[in-house]
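> Submitted below is the structure of interest, expressed as structure tokens.
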Amino acid sequence: MKILVTGGAGFIGSNFIRYWLEHHPADSLVNFDKLTYAGHLSTLKDFENNPRHRFFEGDIQNPDAIANAAEKGIDAIVHFAAESHVDRSIYGPIDFVRTNVLGTTHLLEWTRQHPQTRFVLVSTDEVYGSLSLEDRSKKFKWGDPYQPRNPYAASKASADHLSRAYHHTYGLDIMITNCTNNVGPYQDPEKFVPLSITNLLEDKPIRIYGDGKYIRDWLWVDDHIMGIEKVLLKGKRGETYLFGGKSEIDNLSLAKRILAKLKKQESAIEFVSDRPGNDRRYAMDYSKTLKELDWQPTLGIDEILDKTIAWYQENSWWWKPIKGRKEGVVITHG
Ligand code: NAD
């Protein structure tokens, strides 16, 4: 199979390529990425010369660039490329609409001209809005109404709606995945977990929004990738698959666990004013995905943190230059 991977110089997309090259030796991948502040060529270092991987710098808002990247023929698109950082969407929503809505629509248009192509849109749990802290038994489930509450989530929700519309209107082979927060290697150090880990490794404080009681359900990035693999190989046309972790924890408790694992004092925590419209809790009921694709998360929060911390400890060559380039950019965390 030949796969066009968009956003393959970013966090999840690059881990997907790494995984796919290893587990599918007959397949080849075109990695299509604009290299924004979130995409890094250094992320591709261990597979950039693999003959089954071809990097193509381009913008999904440009239909000619999409056509050029796909000109040798592709069987599937796995669409990761996005403006993905909620904080940035609050201060500059326009790029989110351009890439996440318009860019996705250009990819769908290309697929309309090549209707034999399988298309997987990688989306988020945030399209469903926010759960309360009180009733912890409630989770987002398949078919729940969309209630996005920040510009990032609204742009992703729009992309989901458009993808579904292209499936229904043109009969295209499109599937959508909605997933909780991922953690793992090569996550940009402006996101909460890698920012916290790398700050502590540099003896800097960890910043926590508001009261820190914001619950997320963390998922090991390879668990997500193995879910996308199942969707691509066995998913049903037009279907939506939800992925969640087994690691619900609030940001403050998560920060304290990272501190303990790095043997740092809790005085390293700095509380900062809250993010506007911050969603209290996300959690996914993935029982339908378990039943239909036999998928479930393998790692819990402690294993996820241990593996992630170890990776950032061993790979300062990767994150230090990236953090250096972002010096002066006002981002608290994602
Ligand atoms: P990321 O920000 O690390 O990477 C995004 C990549 O897309 C970057 O390499 C960037 O250069 C590229 N890109 C941005 N705009 C582009 C454009 N116009 N044209 C081409 N390339 C462009 O993001 P990520 O965390 O790897 O997320 C990947 C996808 O998964 C996103 O669609 C995101 O919404 C979704 N998702 C992420 C998470 C998470 O926890 N990270 C959870 C659920 C869903």
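The values are calculated or read from the model by the stated rules, or taken from the named source; none is laboratory data. The structure presented is a predicted model; accordingly, all values stated were derived computationally and were not measured. We place every Cβ from the backbone using ideal geometry, glycine too, and count neighbours over all the protein chains shown.
> The conditions are (1) of a type outside the set (S, T, N, Q); (2) touching a Lys or Arg at 6+ places or on another chain (Cβ under 7 Å); (3) more than 9 Å from the ligand (Cβ to nearest atom), and Gly58 fails exactly one of them. Which is it?
Every listed condition holds for Gly58 apart from (3).
> Taking segment 1-43, which residues are outside any helix (DSSP H, G or I), among the hydroxyl-bearing types (Ser, Thr, Tyr) and more than 9 Å from the ligand (Cβ to nearest atom)?
Ser28
> Does Thr111 qualify as being surrounded by 22 or more Cβ atoms within 10 Å (Cβ to Cβ) and away from the ligand (no atom under 13 Å from the Cβ)?
yes
> For segment 79-195, please list each of the helices (runs of 4 or more DSSP H) lying entirely inside it that holds at least 3 residues being aliphatic (A, V, I, L, M).
Here the list reads 151-170.
> Follow-up. Looking for something of a type in the set (Asp, Glu), surrounded by 19 or more Cβ atoms within 10 Å (Cβ to Cβ) and more than 29 Å from Trp20 (Cα to Cα) - is there at least one such residue anywhere in segment 124-141?
No, because not a single residue in segment 124-141 is of a type in the set (Asp, Glu), surrounded by 19 or more Cβ atoms within 10 Å (Cβ to Cβ) and more than 29 Å from Trp20 (Cα to Cα).
> Which helices (runs of 4 or more DSSP H) does segment 219-333 wholly contain that include 2 or more residues that are touching a strand residue (DSSP E or B) at 6+ places or on another chain (Cβ under 7 Å) and under 23 Å from Gly184 (Cβ atoms)?
Result: 221-234, 251-261, 287-293, 301-314.
> Same structure again: Run Val86 past the list (1) of a type outside the set (Lys, Arg); (2) at pLDDT 95 or above; (3) within 11 Å of the ligand (Cβ to nearest atom) and report the number of the one that doesn't hold.
Status for Val86: all satisfied but (2).
> Filter segment 143-194 down to residues that are within 19 Å of Arg88 (Cβ to Cβ) and of a type in the set (Lys, Arg) and give me whichever is modelled with the highest pLDDT.
Checked segment 143-194; the qualifying residue modelled with the highest pLDDT is Lys156.
> Would you please name the residue that is farthest from the chain's Cα centre (by Cα), looking only at residues in segment 75-107 that are charged (D, E, K, R) and under 19 Å from His40 (Cα atoms)?
It comes out as Asp95.
> If you take the residues in segment 44-55 that are in a loop (DSSP other than H, G, I, E, B) and out of contact with any strand residue (DSSP E or B) (no Cβ under 6 Å at 6 or more places or on another chain), which one is farthest from the ligand (Cβ to nearest atom)?
Pro51
> Given the criterion of a type in the set (Gly, Ala, Ser) and surrounded by fewer than 21 Cβ atoms within 10 Å (Cβ to Cβ), identify the matching residue among Gly244, Gly210.
After ruling out the rest, the residue left standing is Gly210.
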